[in-house]
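**Student:** One structure is given below, represented as structure tokens, and several questions about it will come after.
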């Protein structure tokens, strides 16, 4: 997994590319640290460049979301296609995230 972050209008966009798996735990911790440092009100995970997500990565997204919600922040999943969109749908992530 590769990622980059961009701040804009009080929000933070996290652009992710490649495969999201358990092996990316350290990178998710970096993303969580960036969220804590920047304190954005809205966090957008742009998944357009992601071609695979495993259940561990979904868990890590939920950890990020739980931390954000404790501080009254909104978390959005955006641009998921193919296998990623199917997994978002099957996992009913719309109950936990805004989906764009």
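Computed from the coordinates by the stated procedures, all read-outs in this text should not be read as laboratory data. Remember, predicted model here, so these are calculated numbers, not experimental data. Here Cβ is always computed from backbone atoms with ideal geometry, including for glycine, and neighbour counts include all displayed protein chains.
**Student:** Among DSSP bridges having both ends in the chain, what percentage is antiparallel? Round to the nearest 5. List each step's numbers first, then the result.
**Tutor:** Details: 7 of 23 bridges.
Here the antiparallel bridges make up roughly 30 percent for the chain.
**Student:** Determine, for each peptide in 63-72, 44-53, the mean count of other beta carbons within 10 angstrom over its residues, then list the peptides with the highest first. If you can, show how the numbers build up before the last one.
**Tutor:** Details: 63-72: 14.0, 44-53: 18.9.
Output ranking for 63-72, 44-53: 44-53, 63-72.
**Student:** Still on this model: Relative to the longest principal Cα axis of the chain, at what angle does helix 55-69 sit, 0 to 90 degrees, rounded to 10?
**Tutor:** 20 degrees
**Student:** Helix 25-38 sits at what angle to the longest principal axis of the chain, using alpha carbons and giving 0 to 90 degrees rounded to 10?
**Tutor:** 30 degrees
**Student:** Something else: At a 10 Å Cβ-Cβ cut-off, how would you order 77, 62, fewest neighbours first? Display every interim value, and only then the final one.
**Tutor:** On the way: 77 22, 62 15.
In order of increasing Cβ crowding within 10 Å: 62, 77.
**Student:** Please compute the contact order of region 2-99 in relative form: average sequence separation of alpha-carbon pairs under 8 Å and at least six residues apart, divided by the residue count, as a percent. Walk me through the intermediate numbers first.
**Tutor:** Working: 149 pairs, mean separation 27.3, N = 98.
It rounds to 28 percent for region 2-99.
**Student:** On to the next question. Given axes a ≥ b ≥ c from the Cα gyration tensor, I'd like to know whether region 2-51 is rounded (a/c under 1.5), prolate (a/b larger than b/c) or oblate.
**Tutor:** Values: a/c = 2.93, a/b = 1.46, b/c = 2.01.
Verdict is oblate for region 2-51.
**Student:** Another question, if that's okay. If you average 1/r across every pair of different Cα atoms in the chain and take the reciprocal, what Kirkwood value do you get, in Å?
**Tutor:** About 13.2 Å for the chain.
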